Amino acid sequence: MEQHSSQAELAALQAQIAACRACVAAGDLTAANAVAGARGPADAWLMLIGQAPGRLSVERGIPFGGPGGVVLDRWLTRAGFPPNYLRTGVYLTALTRCFPGKATAGKGDRAPSPAEIARCRPWLAAEFAIIDPRVVLLVGGLAIRAFLGPLPLDQCVGEVFARDGRIWLPLPHPSGVSRWLNAPPHQALVDRALAELSALREAHLHGNGSDPAIDSGLPATASAASGDS
């Protein structure tokens, strides 16, 4: 019953987010295009916070709907999660909910302003209150700074942070526009971060006996072994 109640709360919250026009009224956006819904289960133990929806996310109506979402799911698979766990087991959210538009210079999307992030922060706080995740993946420098402070990627990726009763794991942005991932030392840091995530996955399974989203993607023998602890 509690699960149904939480899912209903999430649906109501997403409807409010979709109706928000605060950044249009403030002149920061010409049109609101919040990506709401299809974000993950209300009982997710793992939350992933990005920067803002991209164009493909808006067109497809799902968070991380572009190539970055493919990379993220691949990273989760490398950490031992079944394929498509990004869509079935993780609660997906972001600092802001509308596509900010393309950057005026260079490639990629415009980074949302501090004012836009502040306007969306109550939505994120409401999601935390409903989901209450044990582990939070912070994807990209903007999300990392919002929760952990101004840490360079090469000083925080591969590290685990315990704050406010949660575990926080920073990851770089998976966008192909980012050159940070091209350097072998940085790829090694991502490997270390995924090893930490794999350990957190094991700890979750050992503490809970099973995870339906994980079990459904594993062979019967592997699923049984995961629940034996």
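The values are calculated or read from the model by the stated rules, or taken from the named source; none is laboratory data. A quick note: this is a predicted structure, and the numbers were derived from the prediction, not measured. FYI the Cβ positions are ideal-geometry reconstructions off the backbone, even for glycines, and counts take in every protein chain you see.
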Any residue in segment 170-182 that is surrounded by 14 or more Cβ atoms within 10 Å (Cβ to Cβ), in contact with a strand residue (DSSP E or B) (Cβ under 6 Å, 6 or more places away or on another chain), farther than 24 Å from Asp43 by Cα and at pLDDT 95 or above? no
Specify the residue that is farthest from Gln51 (Cα to Cα); the eligible residues are those in segment 106-127 that are touching a strand residue (DSSP E or B) at 6+ places or on another chain (Cβ under 9 Å) and surrounded by fewer than 17 Cβ atoms within 10 Å (Cβ to Cβ). Gly108
For residues that are of a type in the set (Gly, Ala, Ser) and free of Cβ contacts under 8 Å to residues at least 24 places away in the same chain, scanning just segment 128-152, find the one that is surrounded by the fewest Cβ atoms within 10 Å (Cβ to Cβ). Gly149
Note on segment 70-92: residues of a type in the set (Phe, Trp, Tyr), closer than 14 Å to Leu137 by Cα and not in a helix (DSSP H, G or I) are Tyr91
What's the number of the only condition in (1) touching a His at 6+ places or on another chain (Cβ under 6 Å); (2) more than 28 Å from Gln7 (Cβ to Cβ) that Gly140 fails to meet? (2)
Would you tally the residues in segment 71-100 being surrounded by fewer than 23 Cβ atoms within 10 Å (Cβ to Cβ), over 16 Å from Leu200 (Cβ atoms) and in contact (Cβ under 8 Å) with a residue 60 or more places away in the chain? 5
Any chance Ala31 is outside any helix (DSSP H, G or I) and under 23 Å from Val190 (Cβ atoms): no
Residues of segment 47-68 that turn out to be assigned to a helix (DSSP H, G or I) and without any contact (Cβ under 8 Å) to a residue 60 or more places away in the chain, as a count: 6
